[in-house]
Structures are given as structure tokens and as C-alpha cells.
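Written below as C-alpha cells is the structure these notes are about.
Every number in this text was worked out from the coordinates using simple rules, so none of it is lab data. Nothing here was measured: the structure is a model prediction, and the numbers come from that model. Using ideal geometry, Cβ is built from the backbone for each residue, glycine included, and neighbour counts are taken over all protein chains shown.
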Amino acid sequence: MRVFILVDDWLKANQERFRLPVQANQVASYSELFTIALVGELLAQPYESVWYWLVRQNHRGLFPRLPEYSRYHRIVRNAEPLWAELAQSLAAKEDEDRGIELIDTKPLPIAKGKRWEWAKMPEASKGFSTMGMVWGFKLHAVVSLGGLFRRWAFVPAHAHESRVAWGLVQGPTLGDRAYVGTGVYCPSRKNMKRQTFWPRALSRLRKRIETSFSSLVRSLHLHVGQVKTFWSLRARVNLKIAAHNLMHSGVLV
């Protein structure tokens, strides 16, 4: 119920900006459908279709009139920008001072090994990551010291961190060695003549973003499921980021 109230209030406050289409004989409200999607992520449901079937079968008292799954799936996918804005609005409510932020990258593989030959997503590319060579994308993200995602970008797997950092960094930011020369404060490479002062405390502080990524992967099943389009991938990841920020923002306490 708290998730529904939060989503409903947020949609009403932004209805002039979003102007969600209303169709004749529309079944269920957008607030109801978005609540189902978010709660599914919060409950770590890995498969959208199975979760939607369970809701239709077991929670008719809460959602008496729901559309077919195909329409629900289209609505959730088309809400890609809304998920991003909801996540950012939750991050903006943090009590802490913006202060230092953290930046890092997480691979979003579409295919591995010989499956590259069958991958049909023109925006993707082959690149090296912490998971080895993958075909797909990278998620570049900036999080707060509280672990909430504030800004992020999707780029092909071959794109280097330095090409993306300039568009994400807005203030004092900690990163790893991949961000040398981008305005991010990070440890120097071993072969550099001038070494940056990097105490162990900063390494511990920077691990906060790794914890946030770990939450996306382990609790929200970031790498489970298949997508056929770049659009679907963005919508899926934006929804998970919104669920992560909702889970860790404290608004549900």
C-alpha cells in the first residue's frame, strides 16, 4: 500500500509533464500497474510474466481489473523515462549533503562466447569488462555516499570510461584508475610519474558504489532475463534502479 500511495502521489504531482495516454475502456490505472512492477522488483521476482500472473491470480482483492500481460509489458517498457525520473526524485530526497559522489561501471552483457554470432542488437558492441569479454553494454553510474543512484548512462561495451565521465560528473567524485584524466579523483596508475595521494579510507569509501551495484545484481537480478531491444534493456535497468533507490531511500520505513 505504501508503494501505491508513493507512486500515485508522484504521478499526480507530475501529470502535466508526463501526460500519460488514456485509452477508451482502459483497465487498471497507471498507478496500479507501476506499483505491481516496483513491488515485483522489491520482492526479487526474476521473471516479469510469472510475477504478473501471480498478482492476477492471488491479489484480485487489491487489483480487481488488470489488462492482459502483453499490454502490461508494453506500459512498463514505455515508462522507461518515468522510472529514471522516479529514481532520481528519490535520490534527491536524501538528507545528507550532496558532497562527494562515487562513479563506476557495471557490464550489461547481451551475449557471451559463440552466442555473439546470433546477437541482433545494433547498438551493442564487444568489449572487455570485469566479466571478461562480453557483447552488450556498460552501465556507468554516479551514486551518493548513501548508495542511491543519481545519474547513469548506457554505452556500448567497448566505450572507455573516460568518454562517459565528462557527462556524468558534476562535482567532487571518487573513481578507480579507469577515470584518470577525467576530472574524477582517483588513484594514479603505477607507471605515472606524479602519484595521487590516495589513503586507504578513500578506497573504503569508494566501495559504496560496488555495494550498490551488488544490490542490483544479487537482489534485483540485473543480469537475469533476456531483452531483444536497447529500449527494453534501458527500461528494465531503469526500473531496477528505481526499485533500488526506493528500497534504500528510507521512504518505506
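The listed peptides 23-31, 184-192, ordered by packing as a protection proxy, come out as 184-192, 23-31 (highest mean of other Cβ atoms within 10 Å first). Angle of helix 200-214 to the longest C-alpha principal axis of the chain, folded into 0 to 90 degrees and rounded to 10: 30°.
Looking at the square roots a ≥ b ≥ c of the eigenvalues of the Cα gyration tensor of region 28-184, which shape do they give, rounded for a/c under 1.5, prolate if a/b is larger than b/c, or oblate? Verdict is oblate for region 28-184.
To the nearest ten degrees, helix 48-58 and the longest principal axis of the Cα atoms of the chain are 40 degrees apart.
Dipole size of region 23-87 about its Cα centre, with +1 on Lys/Arg Cβ and -1 on Asp/Glu Cβ: approximately 280 debye, rounded to the nearest 20.
Based on Cβ point charges of +1 for Lys and Arg and -1 for Asp and Glu, what charge dipole magnitude is obtained for the chain about its Cα centre, in debye rounded to the nearest 20? Before the final figure, lay out the partial values.
Details: 37 positive and 20 negative charges, 199 e Å.
The calculated dipole for the chain is roughly 960 debye.
Principal-axis analysis of the Cα atoms of the chain puts helix 2-13 at an angle of about 90° to the longest axis.
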